[in-house]
Each structure stands twice: as C-alpha cells, then as structure tokens.
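*Asks:* Sharing a structure with you now.
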Amino acid sequence: MKIFTTVATLLALSAGVPALAQTQLNTQPPAQPSSPMAPATRSTIYAGQPAPAAGPMLSRYRTSSLGIDLGWGGPYGGIGFYYAHMVGEGTDVNAGLGLGVGGKIGVGVRHFFSPAKAVSPYIGANLSRSGKIDDVRIALNEGTPSEEEAYYNLSASGVLNLRTGFRWQPGRVGLIGTLGYGVRFTGDPVTYSNGYRPSQEMRDLVNAVSPGGLEISLGMSIGLGQ
C-alpha cells in the first residue's frame, strides 16, 4: 500500500512541473530582439544640439541704391547725386549728376573687396563731363594792397576720376569715404577774359577750383528695396 502511495505522489509531481514552468514563462517580459543600430534620422541628429549655422552672407549691399556725395573734386561735383546698381558680387555701376564749378554728369564703376563685412575697402573709376560757364569772377587777397581780380571762361571738359576708399554699411544706410584724383583728358578749359595775364598765385587758385585734381569726399549710400 505504501508503494502505491509513493508512486501516485511522484506521478502528481511530474504532472505539475510542466504547468509551473509554463506559468513562469508567461510571466517573463518578452525579450528584445537584437538588431544592428538603426540609421539616425534628422530628429535624432539634432536632438539636444544647436541647428546648423546658416550659410555665409554674400553681401550687405542692396541691389540698387541712391548716393549723395559731398566734398572736393568728386566726379559729380561738390554736391552730387547718383544711382548705383550691383552687377556682380561686390561690383556696381553708377551714374549721376551734381553741382560744382559748372554742372557735372558722369558714369562709373566700383569694386568692393569685402561686401559681406560692415567695412569694406574699394577701388573705382568714373568718367565725368563738366559744363561750360562764362565770365566767372575770382578775387585773390581781397581788401589788401595785393588784391587781384580776374574773369575767366570755363569750357566743357572731360575727366577720368581714379578713386579709392572705404564703405561702412551697418544697415540700409551706409557711409563712403573717398580719396582720389581726376585726370583731365580734354586740355586746359580755362581762358581769361580780355587777354588778362594772371599771376601764378591766381592761376593756381583757378586750377584748384577747375575740373580735375585731388578728390576728398564723404558720401551716403541708401539701399533700395528689400
């Protein structure tokens, strides 16, 4: 009898082991399949990192601009107005007119070496034409014993202006400082009335205010459009 009881107990235990194993298996979390790293997406590449920097600024200058020049010996006179248009990266063409000793009109080209920066050096050249004026009175040492007075005529003349300087362009409005020299290619435009023969000091004064010679000017550039 004892033998039969022992056998029955062993059979019951053997039947319960698979069930217990199955119950433990069902309670285990599913295993994660092993796989190679998935390729990174755009969101994972930049997650928690700064966005890529924008490309470099090509130019601070608007495609079109209006300019005003004030100074001495400029291609558009003592006070001049011009329109400029960019035709390439850092290069513009310009045309304008102004007032000096006789009206002036001209065209030119400038190249800016660092248009992406706030301050850029530049070089340029202009061709300008001065108008004709007659009977200009000029006096030297007025009110003194050595006073000299003369009248002269100024014929139309052409000048090649060679220029260099710097442009400061913090925003839409910028400033341009220029140093240059004008080479007159149409001969001496000055004739004195009534055959007057002026002193050398008077000649130097008349030549200083005639077209050509040293240019020192300060200009403003106003960008147009967006």
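The values are calculated or read from the model by the stated rules, or taken from the named source; none is laboratory data. Every value quoted in this text rests on a predicted model; they were computed, and no experiment measured them. All Cβ positions, glycine included, derive from the backbone under ideal geometry; neighbour counts span all protein chains shown. In case anyone asks, the SASA skips ligands and DNA or RNA and just uses the protein heavy atoms, side chains included. Shrake-Rupley method; radii C 1.70, N 1.55, O 1.52, S 1.80 Å.
*Asks:* If we scan segment 65-77, do we find a residue that is open to solvent by 30 Å² or more (accessible area, probe 1.4 Å), free of Cβ contacts under 8 Å to residues at least 40 places away in the same chain and not in a loop (DSSP other than H, G, I, E, B)?
*Replies:* No, that holds for no residue.
*Asks:* Within segment 138-169, how many residues turn out to be open to solvent by 70 Å² or more (accessible area, probe 1.4 Å) and within 15 Å of GLU215 (Cβ to Cβ)?
*Replies:* Result for segment 138-169: 2.
*Asks:* Can you report the number of residues in segment 99-112 which are within 22 Å of the chain's Cα centre (by Cα) and either farther than 15 Å from THR178 by Cβ or touching a residue at least 60 places away in the same chain (Cβ under 8 Å) (or both)?
*Replies:* Total meeting the criteria: 1.
*Asks:* Now, a different point. Given ASP188, ASP135, which one is among the acidic types (Asp, Glu) and in contact with a helix residue (DSSP H, G or I) (Cβ under 8 Å, 6 or more places away or on another chain)?
*Replies:* ASP135
*Asks:* Find all pairs meeting these conditions: Cβ atoms under 8 angstrom apart; at least six residues apart or on different chains; first residue within segment 137-149 and closer than 20 Å to VAL190 by Cβ; second residue of a type in the set (Phe, Trp, Tyr) and open to solvent by less than 60 Å² (accessible area, probe 1.4 Å).
*Replies:* Listed by first residue and then by second, the contacts come to ILE138/TYR152.
*Asks:* I'd like the full set of residues that are over 14 Å from GLY73 (Cβ atoms) and either open to solvent by less than 20 Å² (accessible area, probe 1.4 Å) or part of a strand (DSSP E or B) (or both), limited to segment 178-202.
*Replies:* Answer for segment 178-202, where residues must be over 14 Å from GLY73 (Cβ atoms) and either open to solvent by less than 20 Å² (accessible area, probe 1.4 Å) or part of a strand (DSSP E or B) (or both): PRO189, VAL190, THR191, TYR192, PRO198, MET202.
*Asks:* I'm checking my understanding of the structure. Among residues of segment 203-222 that are surrounded by 14 or more Cβ atoms within 10 Å (Cβ to Cβ) and of a type in the set (Gly, Ala, Ser), which one is farthest from the chain's Cα centre (by Cα)?
*Replies:* Among them, the one singled out is SER210.
*Asks:* Looking at segment 207-226, which of its residues are among the hydrophobic types (A, V, I, L, M, F, W, C) and either at pLDDT 90 or above or under 30 Å from TYR61 (Cα atoms) (or both)?
*Replies:* LEU214, ILE216, LEU218, MET220, ILE222, LEU224
*Asks:* Restricted to segment 124-137, and to residues that are aliphatic (A, V, I, L, M) and open to solvent by less than 90 Å² (accessible area, probe 1.4 Å), which residue is nearest to GLY180 (Cα to Cα)?
*Replies:* Among them, the one singled out is ALA125.
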